[in-house]
Amino acid sequence: MGIAGCSDTDDGGDAEITDQTLTLTTTTSTYDTGLVDELNLAFEERFGAGVAAVNEGTGAALETGRRGDADVVLVHARALEDEFIREGYGVNRRDLMYNDFVVVGPDDDPAGIDGLDEVTEAFRAIAESESVFVSRGDSSGTHTKELELWDAAGLDPGGEWYREAGSGMGQVLVQADQSSGYTLADRATYRSMRSQLSLGIRVEGPIEDGPELLANPYGIVAVNPAVHDTVEYDLALAYIGFLTSRAGQDVIESYTVEGEQLFFPRSLSAEPNFEQYVPEDWTREVD
Amino acid sequence: MVGAIVELATVPLVEFPFESNYVRSIIYVSLYVSLTAVVLSTLVSLPVAMLVGFAEFPGRRLAIALINTGMGLPSVVVGLAVLFLVSNQGPLGSFDLVFTKEAMIMSQFVLATPVITGVSLAAVTGVDDGVRDASYALGGTRLDVALVTITEARYGIATGVLAGLGRAISEVGSVLIVGGNIAGADGTAITRTLTTAIQLEARQGRFELALLLGGILLVLVLLVNAVVLRLGGGRV
């Protein structure tokens, strides 16, 4: 409670941390939607410490954490986060928020996937009809999810119709729009860009009662100070603490773009939710 | 000077889709990083060009080949190399340079130096031998002769400096990697340049805004060109 707990003057809290800067590396989806700026403003107001947000795909963001060039990582690919934690680079992981992925495509729907209940079926239909599919191709959380879905559909996509863009979500959406193709998009980025696109949602995610396979949970992990002793670990935990607190979760809850909520808070729970701290399939090894 | 140019460039932007503080700070970062890098590059490039141009030493042809090759260095490769250098685990890790303007200056220095050296080399070796001979004959020291040569070649050197600046201020690959394209939550650019801001807008499909920022970049380069050419005597 020592931090800013006893001040009524609202001057931004404890002088000890006000001159520090926390380096956060985060994904393009949280950054481009403007949510991260909103969270950082609230954090800076509360603690007085600045946040430098670097935006990269999930893969690159975790790599920056591995090198010790960031203090805290906010990403959305549980498998990659788990690997990061298993290797010892990340500690104190928390579930932060979620939204979902949607499959978007042109209005004439050449693969005929509109309204399918199973996303794997939709992916198979796209591959069979060889309709254009634009892939992120950049080791981002969305790309990781897309590869999982192809895998779940029992397919190894390739060929003229499958285009790896190697770009961010916004560019991929524009590319899919211009080539009348399909793509997998996080709902937040799609919503924030919808007015400029002629693509519609063909398969809904779990937020709109779509398949659970399209869930898109975001996690936040501190970089392990025992591996990189230069990281601002205390500040990183203050940041994680703030984002997972009621105040931080309220910021997420109330953040809207064009009147629509983009992310859904997930940290507050009376249940222990042990799974959030450790790799998903982790079990204590009992002799 | 940077402040004056920033003022000048943001005056007509009252009806702008970005906040003026945002654009102003991006322009400031762009100019600060690129101008610093180019000044440092010039300080290194001129002696190197003189040395390679007029001294006889083994490996001189190789040096020239290296300079010319350096002009074609991909900026992303330079960015990665500088990143490994300044990264927490790199040899300069203890200086905490990653994601700072200083790291961006380093990478633009690497990109601009071969260009300025190469063009200056052509300029100084193009100076009429008679000028140098006359300078010697009049009792000039080696330094005097060098200064006479540089003065004589100043237009070519100015072109080299401008080419170096063009290389530095227009590149996006390395500053994105070593700078991280950071802007504060209040919209003040910290390591965001015009080029990385353009990249950010383009990534989100906001092509008009990206083009607008591109226009500002062009105006800026034009202004800097005018200043440098004026300093150089305006005859180029």
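Taken residue by residue, region A:112-135 has no member that is assigned to a loop (DSSP other than H, G, I, E, B) and not assigned by TED's automatic domain parsing to the domain that holds residue A:149. Scanning region A:85-111 for residues that are farther than 24 Å from residue A:188 by Cα, part of a strand (DSSP E or B) and small (Gly, Ala, Ser) yields one hit, A:90. Looking at A:179, A:195, just one residue is hydroxyl-bearing (Ser, Thr, Tyr), over 14 Å from residue A:113 (Cβ atoms) and away from chain B (no Cβ under 13 Å), and that residue is A:179.
Here's the yes/no breakdown for (1) more than 10 Å from chain B (Cβ to nearest Cβ); (2) under 19 Å from residue B:183 (Cβ atoms); (3) more than 14 Å from the chain's Cα centre (by Cα):
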position	(1), (2), (3)
A:41	no, yes, yes
A:46	yes, no, yes
A:80	yes, no, no
A:94	yes, no, no
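Looking for something free of Cβ contacts under 8 Å to residues at least 40 places away in the same chain and either surrounded by 15 or more Cβ atoms within 10 Å (Cβ to Cβ) or aromatic (Phe, Trp, Tyr) (or both) - is there at least one such residue anywhere in region A:230-240? No, because not a single residue in region A:230-240 is free of Cβ contacts under 8 Å to residues at least 40 places away in the same chain and either surrounded by 15 or more Cβ atoms within 10 Å (Cβ to Cβ) or aromatic (Phe, Trp, Tyr) (or both).
Note on region A:154-175: residues that are within 14 Å of another protein chain (Cβ to nearest Cβ) and at pLDDT 95 or above amount to 0. Of the residues making up region B:89-100, those that are free of Cβ contacts under 8 Å to residues at least 60 places away in the same chain and either buried (at least 24 other Cβ atoms within 10 Å of the Cβ) or in a helix (DSSP H, G or I) (or both) are B:93, B:94, B:95. The residue that is modelled with the highest pLDDT, among those in region A:48-75 that are within 8 Å of chain B (Cβ to nearest Cβ) and over 18 Å from residue B:87 (Cα atoms), is A:51. Just a yes or no: is a residue in region A:198-216 within 14 Å of chain B (Cβ to nearest Cβ) and in contact (Cβ under 8 Å) with a residue 12 or more places away in the chain? Checked against the condition, which is being within 14 Å of chain B (Cβ to nearest Cβ) and in contact (Cβ under 8 Å) with a residue 12 or more places away in the chain, region A:198-216 yields at least one hit.
Those helices (runs of 4 or more DSSP H) of region B:101-219 in which at least 2 residues are farther than 25 Å from residue B:18 by Cβ and either in contact (Cβ under 8 Å) with a residue 12 or more places away in the chain or within 14 Å of another protein chain (Cβ to nearest Cβ) (or both), considering only elements entirely within it, cover B:101-125, B:129-137, B:142-152, B:154-170. State whether one or more residues within region A:228-235 are in a loop (DSSP other than H, G, I, E, B) and under 23 Å from residue A:100 (Cβ atoms). The answer is no; no qualifying residue exists.
The values are calculated or read from the model by the stated rules, or taken from the named source; none is laboratory data. This is a predicted model, so every value here is computed, not measured. So basically every Cβ, Gly included, is an ideal-geometry build from the backbone, and we count neighbours across all protein chains shown.
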